[in-house]
Amino acid sequence: MRSIGELARASGLTVSALRFYDRSGVLVPALVDPVTGYRWYADEQVVPARLVAGLRRVGMPLAEIAAAVRHRAEPAVVGRLLDAHLRRLEDGLTDARRELSRVRALIDHEEHPMTTRLVLSRADLAAAIDAVRFAVGTDPELPVLSGVLFDVAADGVRLVATDRHRMAVARVPGTVDGPIRRLLAPVALVDAVRELLGGTGDGGVVPSSADDAVRVLSGVDGGADARLRLDGDGLTVTVAGREVGGAALPDEFPDYQRLLGTRVPAYRITVDVPALRAQVAGRPPARVLRHEGVDVPVTVLGLDDAGGLRVLDDAAPADATPDAVRLGVNGRYLLDALDAGDRGQLLLELDGPISPLAVRRPDDADAYSILMPIRL
C-alpha cells in the first residue's frame, strides 16, 4: 500500500488533487484508516492516477476523466473520449485565432475601414437562412436577439440565431476576401435577403421592407451565386442583378461558442421526421406550463425498449424505471426545429433531463439547432 504522498509522487498529481478526485469518486483510496483518516492506495492504482494526471493536464472535463478511468480496460471507449476532447481543443484554438483576428480587424477598421466580400452558393445561403430563421428572438427588451449573426471565417460564414430558449446554427462555405468579422443583421434585412435568394434572378420584383434600414436596389451585375459585402456597419447581398442592403444592429451578439461543444451525447437517435412530427402534433402535450403570461406545451421525449425515440403522454409514466430517460421541451419549438431541418430523417442527441436537446442533420454536421430543456 502507498500513502497519499507516495501516490502523488508516483503519479504527478498533488495531494490536494488526490483528495479532490477521492471526493469526486474518480480515484477512491483502497483503504482509509478509520482512526487517523489517512488514505492508502494499492499499487494497481498508480496507472489510473497517472491517467488522471495526464487528462487533467490537457484540460479534460471531470465527467470525461471519470469515464476514461472507468473504461480504461476498453481502448475503443477511451479512444472516443480522447478524440472528442482533441476536437474540442482544436475547435478552441480555431476560435481563439478567429477572435484574435477580429480584434486585429477592429483595430484596423478604426484606422482604415475595410470591406469583406464573400461569394456563396445561392441555394446554400437560402438553406442556411431557412435553418436558423425560426430561432430569431422577438422580445422587444432583448433587441440583440432580434437578428441573425453572420460570423465570417476564412472559408465561409456561419449563421446563428437564438431567443435564449433555443439556438440554430448553419454554415455556408464560400470564398472570402477581406478580414474575418461578425455582423448582426436585423431580421427585416434577413427576410429581404431570403426573398432575393428565392427569386428567379430574371428581374422579378423583390418586396421592399417597411424597415427603413433595408433598401432594395436594382441594375447591379450578378450571377447565380450570392455575393455578400460587409462594409462598415452594413450588409449588401447581390444575386443575379438584384441587390438588397441594410444597416447592421449595433449590439454585440452573445458568445454562442460555449454551447457548441464537441461532447459525446449519451444517446444519438435517428428519427423519421414526418412520423415524429405527427406524434408531437397529434396528441395533447404531457403538461402545459404558464411562462411570462404564455401557455407553453411541454412535449416529453423518452426511449422505447429498442432504444428508439418515443413521445410520452406523461412526464413520469407508470412503466418508467428510476433511471429512464425523460426530457421535456417546448412542443412548438420542437416542431419548428423539425420543420427547419427539412429532411426525411434527423438525428436527435439526448444527454438527460437537464441537458439541451440537439437536432442535427445527418448529412450536414454544421447545421443544427439546440433546444433548452424544461425541468419536469
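The values are calculated or read from the model by the stated rules, or taken from the named source; none is laboratory data. The structure displayed is predicted, hence computed values, not measured ones. All Cβ positions, even for glycine, are placed from backbone atoms using ideal geometry, and neighbour counts span all protein chains on display. In case anyone asks, the SASA skips ligands and DNA or RNA and just uses the protein heavy atoms, side chains included. Shrake-Rupley method; radii C 1.70, N 1.55, O 1.52, S 1.80 Å.
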- Message: Could you tell me how many of the residues in the stretch 93-105 are loosely packed, with under 15 Cβ neighbours inside 10 Å and touching a Pro at 6+ places or on another chain (Cβ under 9 Å)?
- Response: 1
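To keep it simple, each residue is scored yes or no on (1) among the hydroxyl-bearing types (Ser, Thr, Tyr); (2) touching a residue at least 24 places away in the same chain (Cβ under 8 Å); (3) open to solvent by 90 Å² or more (accessible area, probe 1.4 Å); (4) outside any helix (DSSP H, G or I).
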position: 5; (1), (2), (3), (4): no, no, no, no
position: 26; (1), (2), (3), (4): no, yes, no, yes
position: 76; (1), (2), (3), (4): no, no, no, no
position: 91; (1), (2), (3), (4): no, yes, no, no
- Query: What about residue 1, is it open to solvent by 70 Å² or more (accessible area, probe 1.4 Å) and either over 30 Å from residue 181 (Cα atoms) or out of contact with any Phe, Trp or Tyr (no Cβ under 7 Å at 6 or more places or on another chain) (or both)?
  - Reply: yes
- Only unsatisfied item for residue 365, checking (1) in contact with a Pro (Cβ under 7 Å, 6 or more places away or on another chain); (2) open to solvent by 50 Å² or more (accessible area, probe 1.4 Å); (3) modelled with pLDDT under 90, is (1)
- Item | Lone unmet requirement of (1) within 26 Å of residue 237 (Cβ to Cβ); (2) modelled with pLDDT of 85 or more; (3) open to solvent by 20 Å² or more (accessible area, probe 1.4 Å); (4) assigned to a helix (DSSP H, G or I) for residue 117 | (4)
- Query: Looking only at the stretch 157-200, which residues are open to solvent by 30 Å² or more (accessible area, probe 1.4 Å), outside any strand (DSSP E or B) and more than 18 Å from residue 122 (Cα to Cα)?
  - Reply: 164, 165, 178, 179, 181, 187
- Query: In the stretch 305-343, what residues are closer than 16 Å to residue 131 by Cα, at pLDDT below 85 and open to solvent by 40 Å² or more (accessible area, probe 1.4 Å)?
  - Reply: 342, 343
- Message: Need pairs with beta-carbon distance below 8 Å; first residue in contact (Cβ under 8 Å) with a residue 24 or more places away in the chain and within the stretch 173-192, second among the aromatic types (Phe, Trp, Tyr) and surrounded by fewer than 21 Cβ atoms within 10 Å (Cβ to Cβ); sequence gap 6+ or separate chains.
- Response: 182/253; 184/253
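Yes or no: residue 148 modelled with pLDDT of 95 or more and touching a Lys or Arg at 6+ places or on another chain (Cβ under 7 Å)? Let's see the steps before the verdict.
Details: modelled with pLDDT of 95 or more: yes; touching a Lys or Arg at 6+ places or on another chain (Cβ under 7 Å): no.
Against the criterion (modelled with pLDDT of 95 or more and touching a Lys or Arg at 6+ places or on another chain (Cβ under 7 Å)), residue 148 does not qualify.
Pick out the one residue from 127, 53, 66 that is under 16 Å from residue 157 (Cα atoms), assigned to a helix (DSSP H, G or I), aliphatic (A, V, I, L, M) and modelled with pLDDT under 95.
Working: 53 fails: under 16 Å from residue 157 (Cα atoms); 66 fails: under 16 Å from residue 157 (Cα atoms).
Of 127, 53, 66, the one residue that is under 16 Å from residue 157 (Cα atoms), assigned to a helix (DSSP H, G or I), aliphatic (A, V, I, L, M) and modelled with pLDDT under 95 is 127.
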- Task: List every residue pair whose Cβ atoms sit under 9 Å apart, with the two residues 6 or more apart in sequence or on different chains, where the first one lies in the stretch 11-23 and is closer than 13 Å to residue 51 by Cα and the second, anywhere, is among the hydroxyl-bearing types (Ser, Thr, Tyr) and not in a helix (DSSP H, G or I).
- Result: 18/41
